[in-house]
1. Hey, among 222, 196, 192, which residue is at pLDDT below 95, touching a helix residue (DSSP H, G or I) at 6+ places or on another chain (Cβ under 9 Å) and part of a helix (DSSP H, G or I)?
2. Can you run down the residue pairs with Cβ atoms below 9 Å, 6 or more apart or on separate chains, where the first is in segment 122-141 and free of Cβ contacts under 8 Å to residues at least 40 places away in the same chain and the partner is exposed (fewer than 10 other Cβ atoms within 10 Å of the Cβ)?
3. Can you pull out the residues in segment 76-90 that are surrounded by fewer than 16 Cβ atoms within 10 Å (Cβ to Cβ) and either part of a helix (DSSP H, G or I) or modelled with pLDDT of 95 or more (or both)?
4. Please go through (1) in a helix (DSSP H, G or I); (2) free of Cβ contacts under 8 Å to residues at least 60 places away in the same chain for residue 151 and return the number of the only condition it doesn't satisfy.
5. Do you know which residues across segment 206-219 are assigned to a helix (DSSP H, G or I) and touching a residue at least 40 places away in the same chain (Cβ under 8 Å)?
6. Being assigned to a helix (DSSP H, G or I) and surrounded by 16 or more Cβ atoms within 10 Å (Cβ to Cβ) is the filter here, so list the residues in segment 161-183 that pass it.
7. Please find, within segment 1-16, the residue that is modelled with the highest pLDDT out of those that are surrounded by fewer than 15 Cβ atoms within 10 Å (Cβ to Cβ) and in a helix (DSSP H, G or I).
8. Among the residues of segment 97-111, is there at least one that is within 20 Å of residue 161 (Cα to Cα), out of contact with any strand residue (DSSP E or B) (no Cβ under 6 Å at 6 or more places or on another chain) and not in a helix (DSSP H, G or I)?
């Protein structure tokens, strides 16, 4: 007499899925830190002087490709505890997305550096105070555009200009996704100011997973309407 087959195979139950997610987050977070280590080291060595902003932007260049690879790995993560390959998936995402991400990330960094430099030297510009508010709003909008662009370039193979246009389109098309990205920015900034500057690096993988979760409508519409 044969025994009945178990209702749930090993590796796909709730606890196994939770363990697989934790393993993936830890692995992807460690690999992201490894990929950005040279830049993070440079940022730690730089002083808080506003004159160092261009050097800080150069140090932040590896962050774009590393985050794109992390988003790719988290999106394509395995749910089965017996078949996990997050490191392999991360490096595949890095090979596929490093250059496309850098084409968007480098101009965004340059633009944000100009805004930050202007704001830190604002009294010398002689501009009225409302210009500072406007520049801050433009900087925030640029960061939110960058969040959409990062998700799109991580998961889809569009031309750079098409990714940029889609990111601008989704900025207003899916306001909930944009608000979700804005909430992550606010939480990260607040946590960094109140706790430690290392917080974004330590929580990079969960933050990027939250960004993916908030971008589900953007991803679904892109798959439905803008891919073959």
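1. On the way: 222 fails: at pLDDT below 95; 196 fails: part of a helix (DSSP H, G or I).
Result: 192 is the single residue among 222, 196, 192 that is at pLDDT below 95, touching a helix residue (DSSP H, G or I) at 6+ places or on another chain (Cβ under 9 Å) and part of a helix (DSSP H, G or I).
2. 122/129
3. Across segment 76-90, the qualifying residues are 87, 88.
4. Status for residue 151: all satisfied but (2).
5. The first filter runs over segment 206-219 and keeps only residues assigned to a helix (DSSP H, G or I), leaving 206-214, 216-219.
Matches in segment 206-219: 206, 208, 209, 211, 212, 217, 218, 219.
6. Applying the first criterion (assigned to a helix (DSSP H, G or I)) to segment 161-183 yields 161-173, 175-183.
163, 164, 166, 167, 170, 171, 177, 178, 180, 181, 182, listed by residue number.
7. Filtering segment 1-16 for residues surrounded by fewer than 15 Cβ atoms within 10 Å (Cβ to Cβ) gives 1-10, 12-15.
Restricting the remaining residues to those that are in a helix (DSSP H, G or I) gives 14-15.
Working: 14: 77, 15: 81.
The residue in question is 15.
8. Kept after step one, since they are within 20 Å of residue 161 (Cα to Cα), are these residues of segment 97-111: 97-111.
Filter once more, keeping what is out of contact with any strand residue (DSSP E or B) (no Cβ under 6 Å at 6 or more places or on another chain): 97-111.
Applying the additional criterion that residues be not in a helix (DSSP H, G or I) yields none.
Looking through segment 97-111, none of the residues is within 20 Å of residue 161 (Cα to Cα), out of contact with any strand residue (DSSP E or B) (no Cβ under 6 Å at 6 or more places or on another chain) and not in a helix (DSSP H, G or I).
The values are calculated or read from the model by the stated rules, or taken from the named source; none is laboratory data. From a predicted model like this one, the values you see are computed outputs, not experimental measurements. Glycine gets a Cβ as well: all are built from the backbone with ideal geometry, and neighbour counts include every protein chain shown.
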